[in-house]
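J.: What follows is a structure written as structure tokens; I'll ask about it next.
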Amino acid sequence: MKFSFKLLLWTMVLLAAALGLSGFYFVNYVFVTSLEREVGQALDENSILRFAFETAALNVPTKYGILQDSTVEEIAPNLERGGRDSGRLIRISDEERNALYASDGFAADNELLDQTDESTKTYRIIEWNGHYYVQTGVTVNTLDRELYLETMRDVSEVFRERAVGFSLYRRVTLLILFAGTVIMYLISSWLTKPIRLLTKATKRMAEGDYSYRAVQVSRDELGQLTRDYNVMANALEENIGKLEGEIQAREDFVAAFAHELKTPLTAIIGYADMLRSHKLDEEKSFLSANYIYTEGKRLEAMSFRLLDLIVTKRGEAEFQTVPARSVFSYLEEMFGNETERKIVCRYEDAGLWMEGNLIKTVLVNLIDNACKASEDGGLVEVEGSREEAGYRFSVRDYGVGIPAEEQHKVTRAFYMVDKSRARSKNGAGLGLALCAEILKLHGSVLEIESEAGRGSRIGFVLPGREEVCGEG
């Protein structure tokens, strides 16, 4: 059952119970009050009739000073006629509780009479022949006789008024319940509208429409729930976008890796098959072996850089303070025998908080890329300087450069601006991707300044120790 119907149902149940109980209490209260008034009037009338009877009995001549039964029969009709308009009926009984006079229609039994004595004035409510009466009883002491006077007062109107009251209240209750049902249906629909909108948004999201948002229609707790839901949906959409991006990146990575493996493996297999199945002269054998060796080295470099990339992404690094001069000494030793290009190092010494081997890997890759981008005899400048933000490294070449529209892509794995040039120099498109991951681990990023045909400057800033710790 829908929440709005539950709200409507329970509201109507409570309203019906409240109206029923309050109506019963109200009508019954009016009835009891009216009946008590009628009983009081009947008892007062009974007292008046007793006084009138005693007065009349004293004024009638008697024999031997004793009230005769015949005298009672003479007085009683006069008392009865005085109350015809009020529906009064009387009965007078002797000491033995035998009736001396009874009005026509006085059909009550002797139950009340048996309870009446000199010290008690009694009454009861009885039903007879479709009418309701208040029956009262009292003793009458006159002329040495003790008689019993009973009256019956018709109070059927009070009971009819109660029945009419209940009937009218039932109709009013049904009318109120009907109107209340319509009104509460509208109210419950309005109150639960945010829930319906949230349900719709949830279904749309379950169907894959992550951009759909719930409409906020109130500023209460349900409105707050809608806002929180939309915030959650935004975060979910963002995370799903990131996951999809990562999945796409992995797929691209695998596709590029497979493609990069295919080229050298095809060359290796082809030349190896040629050496195996053909008898070649010395020159052709050397060229074939050289191709196999070159492509093998390329595969080796690719595997090492992939391994470094995986290790770096796992964050497996131990930081320590390393002098800048030791880093540049390593670079000078490694590239000191480079004859095809001129490599110049300029630096300021300082203590650097870093993982030494990883930063050396970054610089080696940058210098290697600069050499590949430069013509034979081209100049490559490696600089190191202290700045307020940390220590800056930069590698400058005057080679082919990188087009502006390609610069944001160069840190992707296996991406190469000029694939034929890169492969001819055993490039695999992993160097800058590896550099970016290592610098991310150090709280830094690659800064690329390049112009096609005029060379490139690629560098980064190593932050101080506190800043690196803060990043971690």
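Please treat every number below as a calculation from the coordinates, not as lab data. Nothing here was measured: the structure is a model prediction, and the numbers come from that model. Counting neighbours? That spans all protein chains shown, and the Cβs are built from the backbone with ideal geometry, glycine included.
J.: Rounded to the nearest 0.05, what FRET efficiency do E118 and F159 have when you use their Cβ-Cβ distance and R0 = 35 Å?
T.: 0.60
J.: Describe numerically, in nm with one decimal, the distance between label points set 7 Å from Cα along Cα→Cβ at F178 and at S285.
T.: In this crude spin-label approximation the distance works out to 11.2 nm.
J.: A follow-up question, please. Between the range 181-213 and the range 36-51, what's the alpha-carbon centroid distance in Å?
T.: Here the two parts' Cα centres lie 69 Å apart.
J.: Same structure again: Along Cα→Cβ, 7 Å out, is where each label goes; now give me the distance between the ones at S303 and A404 in nm to one decimal.
T.: Between S303 and A404, the label points sit 4.3 nm apart.
J.: Could you give the nm distance between label points at E246 and S218, where each point is 7 Å from its Cα heading toward the beta carbon?
T.: 3.8 nm
J.: Sort 5-14, 196-205 for me by packing, meaning the mean count of neighbouring Cβ atoms within 10 Å per residue, highest on top.
T.: 196-205, 5-14
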